[in-house]
Amino acid sequence: MWYNNTSLWTRIGAGVNATNGTYPWTIPSWATSETVTIRVAKNESGSSPISPYDDGNYNVSIRGKIDVTNPDSPDIFRVGSEEAVNWTTTGLSGADLVRVRFATHGNFSNSSTVTLIAENVSATTPGVLWQNIPNNVTTGGVVRVELQQTNTTVVDDSQPFSVKGSLRIISPNGGEVYNISEVMPINWTSTGTV
């Protein structure tokens with residue numbers, strides 16, 4: 001079994017019985033490329049495959065991977081607050097840039113419900129701080145982290161989470177003393193739709 005990303009051949013499997021007709025190759029992070037050729041060839045020592053081999057003229061893409069780790073179900077983000085959006089990557093470099101977006105109902109094809117959180121962020125950065133979360137109240141919001149410099153499909157979505165407004169009590173705020181039959185003023189502020 002051989003792998004080539006247009007520069008050199010690399011052996012990925014040796015001693016495989018040719019009559020098996022299958023080989024389960026776990027793709028390592030170093031193998032990412034948009035132009036990969038896989039070749040099944042006679043098992044010989046050397047630095048490139050020898051005949052007989054399948055010499056189909058085709059390329060496959062092996063891409064890095066993004067995994068969104070935060071937010072997660074059943075997280076609740078509050079309107080006006082700031083929250084961390086985190087991810088991990090495999091097979092991407094610091095030169096790869098990602099875009100981070102939020103869809104109110106998880107539908108990224110409807111631009112009226114999509115908010116840009118950040119872009120031009122190094123893929124190997126473990127996350128961004130989403131500041132001043134907008135008043136897009138939902139119980140099915142989704143964050144998407146996607147590779148942005150090509151039209152590839154290196155993307156991952158968070159699990160659905162909620163964005164809700166918030167209430168904050170202003171008074172009483174501790175230490176007050178009230179007596180029976182007195183009026184206690186209870187005051188609060190609201191942020192976003194509650």
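The values are calculated or read from the model by the stated rules, or taken from the named source; none is laboratory data. Note that this is a predicted model, so its numbers are computed, not measured. Cβ: placed from backbone, ideal geometry, glycine included. Neighbour counts: every protein chain shown. To get the accessible areas, we keep the full protein, side chains included, count just its heavy atoms, and leave off ligands, DNA and RNA. Shrake-Rupley method; radii C 1.70, N 1.55, O 1.52, S 1.80 Å.
Restricting Asn20, Asn86, Asn70, Asn59 to those that are free of Cβ contacts under 8 Å to residues at least 12 places away in the same chain and of a type outside the set (Phe, Trp, Tyr) reduces the list to Asn20. Glu176 meets each of the listed conditions (1) acidic (Asp, Glu); (2) open to solvent by less than 30 Å² (accessible area, probe 1.4 Å); (3) more than 20 Å from Asn70 (Cβ to Cβ) apart from (2). How many of the residues making up the range 1-22 are surrounded by 11 or more Cβ atoms within 10 Å (Cβ to Cβ), assigned to a loop (DSSP other than H, G, I, E, B) and within 29 Å of the chain's Cα centre (by Cα)? Looking only at that region, the number is 2.
Of the listed requirements (1) free of Cβ contacts under 8 Å to residues at least 40 places away in the same chain; (2) not in a strand (DSSP E or B), Gly80 misses just one: (1). Please tell me if Ser166 is under 30 Å from Val60 (Cβ atoms) and either at pLDDT below 95 or open to solvent by 40 Å² or more (accessible area, probe 1.4 Å) (or both). For Ser166, the condition - under 30 Å from Val60 (Cβ atoms) and either at pLDDT below 95 or open to solvent by 40 Å² or more (accessible area, probe 1.4 Å) (or both) - is not met.
Filter the range 102-115 for residues that are closer than 30 Å to Ile27 by Cβ and open to solvent by 50 Å² or more (accessible area, probe 1.4 Å) and give the result. Write out each step before concluding.
Looking only at the range 102-115, we keep the residues that are closer than 30 Å to Ile27 by Cβ, and these are 103, 106, 108-109.
Scanning the range 102-115 gives a single hit, Ser109.
Hey, among the residues in the range 134-157 that are acidic (Asp, Glu) and open to solvent by 30 Å² or more (accessible area, probe 1.4 Å), which one's nearest to Phe77 (Cα to Cα)? Before you say what the answer is, go through the steps one by one.
Here is the first cut: in the range 134-157, the ones acidic (Asp, Glu) are 146, 156-157.
From the residues that got through so far, the ones that are open to solvent by 30 Å² or more (accessible area, probe 1.4 Å) too are 156-157.
Details: Asp156: 19, Asp157: 16 Å.
Within the range 134-157, the match that is nearest to Phe77 (Cα to Cα) is Asp157.
Checking each residue in the range 43-83 for being surrounded by 15 or more Cβ atoms within 10 Å (Cβ to Cβ), among the hydrophobic types (A, V, I, L, M, F, W, C) and at pLDDT 95 or above picks out Val68, Phe77, Val79. Is there a residue in the range 34-42 that is exposed (fewer than 13 other Cβ atoms within 10 Å of the Cβ), assigned to a strand (DSSP E or B) and basic (Lys, Arg)? Yes, the range 34-42 contains a residue that is exposed (fewer than 13 other Cβ atoms within 10 Å of the Cβ), assigned to a strand (DSSP E or B) and basic (Lys, Arg).
Could you grab me the full set of residues in the range 99-115 that are small (Gly, Ala, Ser) and in a loop (DSSP other than H, G, I, E, B)? Step through it out loud before you land on a result.
Quick first cut of the range 99-115, residues small (Gly, Ala, Ser) only: 103, 106, 109, 111-112.
The answer is Gly106, Ser109.
Output the qualifying pairs, or none if there are none: Cβ atoms under 6 angstrom, residues six or more apart or on different chains, first residue in the range 160-171 and under 17 Å from His105 (Cβ atoms), second residue aromatic (Phe, Trp, Tyr). As it stands, the answer is Val163/Phe77, since those pairs meet every condition given.
Regarding Gly94, is this residue surrounded by 13 or more Cβ atoms within 10 Å (Cβ to Cβ), modelled with pLDDT under 95 and out of contact with any Leu (no Cβ under 6 Å at 6 or more places or on another chain)? Taking the combined requirement at face value, the residue does not satisfy it.
Any residue at all in the range 135-152 that's among the charged types (D, E, K, R) and in contact (Cβ under 8 Å) with a residue 40 or more places away in the chain?
Within the range 135-152, the first condition is being among the charged types (D, E, K, R), and the residues that meet it are 144, 146.
Right, trim to in contact (Cβ under 8 Å) with a residue 40 or more places away in the chain and you get 144, 146.
Yes, the range 135-152 has at least one match.
Selection of the range 116-133 for residues being more than 12 Å from the chain's Cα centre (by Cα), part of a loop (DSSP other than H, G, I, E, B) and surrounded by 14 or more Cβ atoms within 10 Å (Cβ to Cβ) yields only Ile133.
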